[in-house]
Every structure is written in structure tokens, then in C-alpha cells.
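Data first, discussion second: the structure below is written as C-alpha cells.
The values are calculated or read from the model by the stated rules, or taken from the named source; none is laboratory data. Source: prediction; values computed, not measured. Here the Cβ is made from the backbone with ideal geometry for all residues, glycine too, and neighbour counts use every protein chain on show. Quick note on the areas: whole protein, heavy atoms, side chains included, nothing else; ligands and nucleic acids left out. Shrake-Rupley method; radii C 1.70, N 1.55, O 1.52, S 1.80 Å.
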Amino acid sequence: MAPQLTAARAGVRTQASPAGAMPTSSSGVPGAPPDHGVQSEDCLRLNVWTRGLRDGRRRPVLVYFHGGAYNNGTVTNDLYDGKRLCHRGDVVVVTVNHRLNAFGYLYLGDRAAEYAESGNAGQLDLVLALRWVRENIAEFGGDPARVTIFGQSGGGAKCAALMATPAAHGLFHRVMTMSGQQIKGASIEIASGRAKTVVEKMGVGDSLRGNELAAKLDSLTMEEIQGGARAVSEDWLPVVDSVVLPRNPFDPDAPKLSETVPMILGNVHDETAVVSRGEMTWQTAPAALDTAVHQYLGPYTAEQVVAEFRSIHPEYTPQQVDIAAATAFRAWPGQRMEAERRAANPVSQRRTWVYQMNFQGVGGRAMHTIDIPFMFDNIALATGQIGTAPEQVAAANKLAATMSGMLIEYGRVGNPNGDSKDTGLPHWPAYDLTHRSAMIWERMPHVENDPRGAERVFAEKSHYHQAGTPLP
């Protein structure tokens with residue numbers, strides 16, 4: 001069901017762990033601190049950091065959505081502590097938890113009228129959180145007219161989906177996606193088929209409809225629902241249901257609904273891991289690549305891809321070639337497509353910027369999730385990603401000051417360049433289809449035109465495929 005506001009109450013409320021709560025799961029961020037608290041269906045919570053209460057200030061508001069696809073994750077983790085952002089730029093930071101997997105995205109709208117919005121309940125949780133921000137953030141010294149939503153991986157995908165969600169329109173005023181994109185949602189046909197598998201796993205008869213279905217679902221424990229959710233792995237997506245989400249978020253074009261909303265789109269250099277048994281060689285690299293991303297390679301064989309990327313990067317090791325190829329075919333295309341479709345519209349083009357994270361952490365790679373501690377300026381909480389060598393930590397902290405400062409300026413004025421010459425960054429051009437300019441985050445940030453251009457051109461011959469949808 002769609003979420004509902006709780007009744008207003010005075011004073012401070014202290015709440016114990018809900019009955020039936022479970023120990024928390026991993027946040028999914030390598031090297032991050034452990035999560036706090038417990039898993040529970042009672043998960044519609046947000047956290048607020050501010051430097052002033054009811055002081056009449058109108059600070060920019062930064063609202064973060066966590067990763068973990070639409071399946072798992074939490075912001076109840078010290079990595080997302082907003083204290084340093086608050087003190088660096090005098091902003092208000094909000095982080096949000098919401099319903100996930102079957103709790104937030106199980107489509108039952110064709111089985112009972114009261115479940116018409118069920119395939120997007122998790123998205124509606126985010127909408128309600130943003131409504132709460134609009135109505136209450138002034139009490140925390142925040143400006144409800146300057147709300148930035150940002151998220152990493154699945155959190156970025158949620159931001160992209162909200163850009164095409166009418167109920168969210170006007171509740172946010174800037175967007176930043178970090179290694180997260182949402183080109184398509186699940187069709188009703190796909191979502192209904194997925195629901196059939198899940199409810200059968202839960203022990204719910206496929207013939208149940210209406211009140212009987214609701215009564216049976218209400219009788220299930222959290223563990224039984226989670227067991228059903230695991231039957232479809234992690235392929236949960238918002239549903240194009242013509243109720244909450246009327247269209248695919250970025251297909252066939254960028255949503256006109258949010259064409260005037262500024263957007264930063266980023267990804268990291270080594271997004272997609274490729275593993276092999278033992279040390280990877282040129283003989284084993286194709287098989288390892290094929291195992292990792294076969295469905296994304298389109299017309300190419302893994303052998304052809306390895307050969308091409310080896311010619312583009314003759315200095316790369318087999319492992320580096322496989323990671324570059326897997327990233328170019330699987331993790332990077334959605335970000336490129338969203339940027340290109342924004343750039344095709346002159347209204348949104350001048351409000352669109354792209355970045356690429358190249359800073360090398362543990363293992364000499366810019367791995368998926370590595371930009372989180374930089375944007376939050378929480379390097380000390382991510383030594384498992386960054387490393388512990390004093391020189392490495394010093395370089396990371398210097399870059400984190402620049403990146404978090406950029407985020408604050410973006411939240412303040414809606415442009416990462418700010419409105420003065422004091423940002424410490426080179427001028428960051430808006431993205432267009434001629435230059436394809438991108439800010440490169442590394443020890444010395446700089447702008448490049450069409451970074452990894454040869455990889456892009458080669459990979460574009462494969463049709464984009466989004467997890468959770470059929471192969472093209």
C-alpha cells in the first residue's frame with residue numbers, strides 16, 4: 001500500500017526495536033563500517049543533520065538515497081553521516097530508508113484494487129519523505145525550495161525514476177546520480193510474472209484475489225515475505241503501471257517532466273568486477289569476461305571484446321582489460337544513454353553535467369561505491385576502500401574536500417561551477433553530443449572531452465540491456 005503520514009506528536013519519542021526484528025544485513029559497500037540497528041518492516045525513517053534549528057536560515061538541503069539496487073541496503077551506517085558536509089558548507093543533510101524488494105516493488109495491481117500502487121510502493125516512500133522535507137525542513141534551518149536528491153548505484157536509479165514520476169514533481173530541484181541509472185522500468189507483464197513466482201514461493205495461492213489475497217498476505221511473517229522475494233533474485237524494479245509511473249524513466253527519451261531540473265551523472269572507472277580462478281591470463285580472460293557479462297555483449301564474442309580492448313589499451317593487464325570491457329558494456333551504458341538523451345533536448349542539455357571517478361583505492365582501482373566517502377567527506381570511515389597509507393589518505397581527503405565542496409555548491413545554486421571563481425575546480429562544461437565533456441575526479445581534477453571514447457564507440461554496437469528486463 002502507499003505510505004501514510006503519521007499523526008503529529010509533541011516532544012521526543014524513544015522507540016525500541018520492533019517485535020520480530022532481525023539483525024541487520026551488510027550495507028553492500030566494500031570496506032564500509034557495519035550497519036546499525038535491525039531489519040524491520042517498520043523502516044520508513046529518515047535522519048537529519050543540521051547546524052541550526054528554527055534559526056530562520058534557508059540552507060540548501062541534500063537528500064540521499066542508498067544503493068543496493070531495489071533489493072537491499074540502508075542509510076543506517078556511519079558512512080552516510082552528514083556532520084562533515086554540514087560543517088563544510090552549512091547545508092542540511094537528510095538520508096532516507098524505504099521499503100525494498102517484495103515489500104516495496106511487488107506488483108499486485110492486477111489481483112486487488114487496493115494494491116494498484118504496489119509495484120512502486122518503495123518509490124512512494126521516497127515521495128513521502130520528500131513531502132516531509134518540503135513541509136518540515138524549515139524547522140531544521142533548511143530551504144524547501146533548494147532540495148537536491150542524490151544517490152549511489154540503486155539510489156541513483158531511484159533518483160532517475162523519480163524524475164519521471166508525477167507525484168515527485170516539484171519536490172526536488174537538483175539531481176545527482178552516482179553509478180546509478182534507470183532507463184526502463186518493469187512492464188506490467190514482467191512485474192505480474194515476477195509476482196506469480198514470488199507469491200507461490202510465499203505459499204499464497206495463485207487464484208487468490210481481492211480481500212482473500214489481502215488477508216493471506218497480511219498473515220505472512222517478514223521472513224516468509226523475504227523468502228518469497230529471494231525467488232526472483234535481485235531483479236526488482238519500479239513498475240510502469242500508468243498509476244505511479246506512467247512511462248519508462250529514460251526511454252525513449254529523457255523525461256520532459258524534469259527537463260528544467262539540473263542533473264549531474266557520474267560513474268567510476270572500474271565499475272564492474274570480473275573474477276577468475278587463480279591469476280587471470282590472456283587465455284582465461286575471455287571466459288571470465290563471458291561469465292561476468294555475457295548477456296550484455298550483444299553481437300560480440302568475449303574473444304572479440306578482449307582483443308579489441310587489448311588493442312585500445314596495450315598497457316593493460318588481462319584483469320584490467322576484462323574490467324574495462326565489463327564496465328563499458330554493463331555498468332556505463334545506462335549513464336551514457338541518460339546523458340545523451342538529456343543532451344538531445346536543448347532545455348535539459350545546458351543543465352546536465354557528467355563526471356568520471358578515477359581515484360584509485362585499494363587494489364589500484366576506482367571500484368563501484370568508491371565515490372560515496374568522497375561526496376560525504378568521510379574518508380576516515382572508508383579505509384577499506386581507500387587504503388591506510390598516510391600519503392594515500394591525505395590525497396583522498398584533499399579530493400574529498402573538493403568533491404563534497406562541489407556537491408554543496410551544486411545544492412546551493414544548481415550548478416557545480418557555483419556562482420564565483422572560488423570553487424577550486426576548473427570550469428566544468430555542460431555535457432553535449434559534440435564534446436562529451438566530463439569532470440575527471442582524480443588527484444588533480446580536470447575536464448576531458450569524450451573520455452574512453454574508443455571504448456564507448458565499440459560498446460555502442462551492442463544493444464543496451466537493463467537487468468530485470470528481457471534481452472533485446
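Remark: the chain carries 42 Å² of accessible area per residue (probe radius 1.4 Å; ligands, DNA and RNA excluded).
Here is how the number arises for the chain: DSSP H runs of 4 or more residues each give -39500 (n - 2.57), the sum is divided by the residue count, and the result at 222 nm is -9500 deg cm²/dmol. With a 1.4 Å probe rolled over the protein heavy atoms of all chains, the accessible area of Met1, Met202 falls in the order Met1, Met202, largest first. For segment 1-142, the equivalent ellipsoid built from the Cα gyration tensor has semi-axes of 27, 20, 15 Å, listed from largest to smallest. Taken along its principal axes, the alpha carbon cloud of segment 241-375 reaches lengths of 49, 35, 28 Å, longest axis first.
In segment 87-222, one over the average inverse separation of all distinct C-alpha pairs is 16.7 Å, which is the Kirkwood hydrodynamic radius.
3J(HN,Hα) along segment 390-404, derived from phi through the Karplus expression 6.51 cos²θ - 1.76 cosθ + 1.60 where θ = phi - 60°, amounts to x, 5, 5, 5, 4, 5, 5, 5, 5, 5, 4, 4, 5, 5, 5 Hz, with x in place of Gly and Pro. Karplus-derived 3J(HN,Hα) values for segment 228-239, using 6.51 cos²θ - 1.76 cosθ + 1.60 with θ = phi - 60°, are x, 4, 5, 5, 10, 6, 10, 8, 7, 9, x, 10 Hz; glycine and proline are entered as x. Normalised by 2.2 N^0.38 Å, with N the number of residues, the alpha-carbon radius of gyration of segment 295-430 equals 1.25.
Entry note, the chain: relative contact order of 16 percent, from Cα contacts under 8 Å with a spacing of 6+ residues. Estimated at 0.36 nm per residue, the fully extended path between Arg230 and Gln295 surpasses their Cα-Cα distance by 21.3 nm.
Under conditions of 25 °C and 0.890 mPa s, segment 143-189 yields 221 µm² s⁻¹ as its translational diffusion coefficient, taking Rh as the Kirkwood radius over Cα pairs in the Stokes-Einstein equation. Each part reduced to its alpha carbon centroid, segment 321-392 and segment 210-279 end up 21 Å apart. For the chain, a crude dipole built from +1 on the beta carbon of Lys and Arg and -1 on the beta carbon of Asp and Glu, taken about the Cα centre, is about 1140 debye to the nearest 20. Within the accessible surface of segment 365-472, defined with a 1.4 Å probe on protein heavy atoms only, the carbon and sulfur portion equals 56 percent. Evaluated at q = 0.11 Å⁻¹, a Debye calculation over the C-alpha positions of the chain (equal weights, vacuum) places log10 I(q)/I(0) at -0.91.
Distant-in-sequence amide contacts of Val447, defined by a placed amide H-H separation under 5 Å and a gap of 5 or more residues or a different chain, comprise Ile440.
Pairwise Cα distances in segment 334-385 exceed 13 Å for 65 percent of all pairs. Rounded to whole Å, the principal axis extents of the Cα atoms in segment 98-159 read 44, 26, 14, largest first.
Alpha-carbon geometry of segment 376-472: the Rg and the Dmax are 17.3, 48 Å, given in that order. Can you give the accessible area of Tyr316 in Å² (nearest 10), computed on protein heavy atoms with a 1.4 Å probe? Number for this one is 40 Å².
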